[in-house]
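Report on one structure; see the data block that follows.
The values are calculated or read from the model by the stated rules, or taken from the named source; none is laboratory data. Every value quoted in this text rests on a predicted model; they were computed, and no experiment measured them. What goes into the accessible areas is simple: the full protein's heavy atoms, side chains included, and nothing from ligands, DNA or RNA. Shrake-Rupley method; radii C 1.70, N 1.55, O 1.52, S 1.80 Å.
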Amino acid sequence: MKDLKYLAALTIPLSAIVGITFGGSWSYFTPFYAFVLIPVLEILLPQDPENYNKETQEKRSLNVLFDWLLYINVPIVFGLLFYFLQALSNQQYATFEVIGLMFSIGIVLGTNGINVGHELGHRQGSYERYLGKLLLLPSLYMHFYIEHNFGHHVHAATREDPATARYNQTVYSFWISSVYRQYVKAWKIQQRLLRSQSLSFFSFKNDMLWYLIFQLVYLSVVYFFFGHAVLWFALGAAIVGFLLLETVNYIEHYGLLRKKLPSGRYERVREVHSWNSNHVMGRIILYELTRHSDHHYISSKKYQLLDCHEDSPQMPFGYPTSMVLALIPPLWFSIMNPRIPEPMKTDIPSGKELRSIA
């Protein structure tokens, strides 16, 4: 029964249903739940650094329950999205209510959509990867699959990685640089993949082109069935969703850099190149994403098997709490900068170098 703890991740969409149903101040229940109640629980509850033994890990790796706990997010995310769009088109909401609901659905798209899509995007089964890409669709971030798997996992904790936040970079600056650079880099990776197979830009294997088409079709369907006003709120929810992802990206590798070897290559990604958190609420709600160090060490490892490494840099708070702190840069810097290893601080690129990287 204890494995059903991951059902707690569904409390995020449940909170959004409450907001849509009751309206008024309840429209903001999801942001309040995600970034006030959960952080409070993270602080009150003890951390859990325990790892499973080999025998238990083998059993958990074969237990399909953990897979279905991910799959169930597909109908939930799209069902809730349809419920939200339909409610907006059929009911009268005050402006402040619509804004609250937009943030609520955006949080669902970021946590139960993009986050689960990220986990499924690393799976070996093609049907699981398709489900993962589908969950990226309503956030208009399908290119994340290509850049994350073929870019970020190669260049994480280096200057070349758009998803690695620089030392003393604010989250607001990171939102702009990461969103832009990841999209551009995804196209470059796609072009390289096509060239390696001697395929043209208009090949059926140009996934980036397909992603563009699918996302335009999605927006067209929203416009056709619900109207232009609702379309704007669907776009707003998508932006909230992918900015939530980028905020997670920001805290995952903030200030951490790999050494560049004399050969020009970087050292292998190790446990010290990602921030780890053992705070139980963040672990459960985000399907163990907070054990990010082990995820980068072995990217194919399923979420229920991820370990805590003693030499990984540890966050003083869980991921949900850290995301709130990141929105206040002076507070974030005062807490996190002293925790960054000194050798990594000395390898800070100049402004000119940063511009050339971008």
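Side notes on the structure shown:
- Using a probe of 1.4 Å, the accessible surface attributed to E55 totals some 120 Å² when neighbouring protein chains are kept in position.
- Per-residue ellipticity at 222 nm computed for the chain from its helices equals -17000 deg cm²/dmol, with DSSP H segments shorter than 4 residues left out and the rest contributing -39,500 (n - 2.57).
- Coupling constants for the range 165-173 follow from the phi torsions by the Karplus curve (6.51 cos²θ - 1.76 cosθ + 1.60, θ = phi - 60°), and in residue order they are 6, 6, 4, 6, 7, 6, 5, 5, 5 Hz; glycine and proline get x.
- Accessible-area value, L244, 1.4 Å probe, nucleic acids and ligands omitted, Å²: 20 Å²
- Pairwise centroid distance, computed over Cα atoms, of the range 273-327 with the range 1-74, Å: 14 Å
- Note on Cα Rg over 2.2 N^0.38 Å: of the candidates (1) 1.06; (2) 1.13; (3) 0.98, the value calculated from this structure sits at (3).
- Reciprocal mean inverse distance between Cα atoms of the range 135-200 - Kirkwood radius, Å: 12.7 Å
- Y266 long-range amide H proximity, modeled H, under 5 Å: L261
- Karplus-derived HN-Hα couplings along the range 29-34 (A = 6.51, B = -1.76, C = 1.60, θ = phi - 60°), whole Hz, x at Gly and Pro: 5, 5, x, 5, 5, 6
- Cross-link partners for K259 among the lysines, with Cα-Cα distance under 28 Å and sequence neighbours closer than 8 places in the same chain left out: K185, K188, K301, K302, K345, K352.
- Proximity of backbone amide H atoms, modeled 1.01 Å from N, is registered between R291 and S277 at under 5 Å, excluding neighbours fewer than 5 places apart on the same chain.
- Mean sequence separation of contacting Cα pairs (under 8 Å, at least six apart), scaled by the length of the chain, corresponds to a relative contact order of 23 percent.
- Across the protein chains, with a 1.4 Å probe defining accessible surface, the residues H309, H148, H155 rank H155, H309, H148 from largest area downward.
- Computed over every Cα-Cα pair of the range 45-111 and binned at 10 Å starting from 0, the pair-distance distribution P(r) comes out as 16, 29, 24, 18, 11, 2 percent.
- Heavy-atom accessible area for V248, with the other protein chains in place and a 1.4 Å probe, reaches approximately 20 Å².
- With all protein chains kept in place, the per residue accessible area of the chain amounts to 46 square angstrom at a probe of 1.4 angstrom.
- Listed residues T290, T170 arranged by accessible area, highest first, probe 1.4 Å: T170, T290
- Percentage relative contact order, the range 105-174, counting C-alpha pairs under 8 Å, at least six apart: 22 percent
- Equivalent ellipsoid semi-axes - Cα gyration tensor, the range 18-142, angstrom: 31, 21, 11
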